[in-house]
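All remarks here apply to the structure that follows.
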Amino acid sequence: MRILPLLLLTLSLPAQTIPAVPEKATAFERAVVQEMSDARVQPKAYAKHLRELRPYFEGTLWNRPGRVPLRTEEGVAALDEAIAFLESARPVGPLRFNEGLARAARLHALDIGPRGSLEHVGSDGSRLSDRLNRRGRWEGLIAENISTGEEEARQVVLQLLIDDGVASRGHRRNLFNPGLHQAGAGAAPHRDYRIVMVIDYADGFVAR
């Protein structure tokens with residue numbers, strides 16, 4: 001099952017009621033933002049990480065070293081397309097870690113994880129703009145990616161870059177969107193995929 005990335009473009013909205021503040025971002029969550037930033041700043045250098053994966057594909061089966069084989073939808077074709085993208089992409093400015101975005105992302109992960117959901121809409125009907133309004137004030141462009149099953153920062157980012165099964169490559173497009181300058185990541189246990197990582201992006205965000 002694939003979750004489609006979310007992208008919104010609108011003006012800033014007023015802040016609303018703020019829920020209980022979760023713990024600060026973990027080293028893993030911070031590392032995901034740093035890893036995404038590295039890919040944006042040096043896409044050609046990052047392409048080598050993807051090239052190293054090619055020998056492990058047999059058709060649509062990805063025989064990941066030391067891990068359970070993964071049945072992909074597109075096989076090595078999606079990997080090659082991602083490599084070509086990175087090798088031709090112009091560098092994009094770095095992503096700055098934002099604790100407020102990380103808290104909003106973690107709250108959504110904690111909401112969808114136990115329910116086995118991969119949706120961008122919360123159990124209370126909230127959308128990304130609603131959830132960010134509860135944490136503070138945002139401006140310009142906002143977006144959200146959701147990754148599942150990965151417990152290492154680089155693996156999370158590789159999943160977003162390859163974007164297997166997502167025809168629009170929307171996760172990759174969000175990651176490389178030059179209009180997004182800040183990001184926060186939040187992880188939680190997931191009923192069906194062990195772990196879910198929600199990543200919220202914004203042009204600008206000021207937490208309350």
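The values are calculated or read from the model by the stated rules, or taken from the named source; none is laboratory data. Just so you know, these numbers come straight off a predicted model, no measurement behind them. Counting neighbours? That spans all protein chains shown, and the Cβs are built from the backbone with ideal geometry, glycine included. All accessible areas refer to the heavy atoms of the entire protein, side chains included, with ligands and DNA or RNA removed. Shrake-Rupley method; radii C 1.70, N 1.55, O 1.52, S 1.80 Å.
Worth a mention:
- Taking residues in segment 100-120 that are without any contact (Cβ under 8 Å) to a residue 24 or more places away in the chain and over 18 Å from G136 (Cβ atoms), and partners anywhere that are of a type in the set (G, A, S) and assigned to a loop (DSSP other than H, G, I, E, B), the pairs with Cβ atoms closer than 6 Å and at least 6 places apart or on different chains are D111/G122; D111/S123.
- Among the residues of segment 37-90, those that are among the hydrophobic types (A, V, I, L, M, F, W, C) and in contact with a Pro (Cβ under 9 Å, 6 or more places away or on another chain) comprise V41, L61, W62, F85, L86, A89.
- Within segment 131-154, if we keep just the residues that are open to solvent by less than 10 Å² (accessible area, probe 1.4 Å) and hydrophobic (A, V, I, L, M, F, W, C), the residue that is farthest from the chain's Cα centre (by Cα) turns out to be W138.
- Contacts under 6 angstrom Cβ, first residue in segment 48-61 being under 14 Å from A78 (Cα atoms), partner polar (S, T, N, Q) and modelled with pLDDT of 95 or more, 6 or more apart: Y56/N63; T60/T72
- Among residues of segment 182-202 being open to solvent by 60 Å² or more (accessible area, probe 1.4 Å) and among the charged types (D, E, K, R), the one that is farthest from E81 (Cα to Cα) is R191.
Every residue, every condition in (1) open to solvent by 10 Å² or more (accessible area, probe 1.4 Å); (2) assigned to a loop (DSSP other than H, G, I, E, B), yes or no:
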site: A105; (1), (2): no, no
site: S123; (1), (2): yes, yes
site: V156; (1), (2): no, no
site: D164; (1), (2): yes, yes
site: L180; (1), (2): no, yes
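- Taken across segment 3-13, residues that are at pLDDT below 85, within 16 Å of the chain's Cα centre (by Cα), among the β-branched types (V, I, T) and within 20 Å of G170 (Cα to Cα) do occur, with at least one present.
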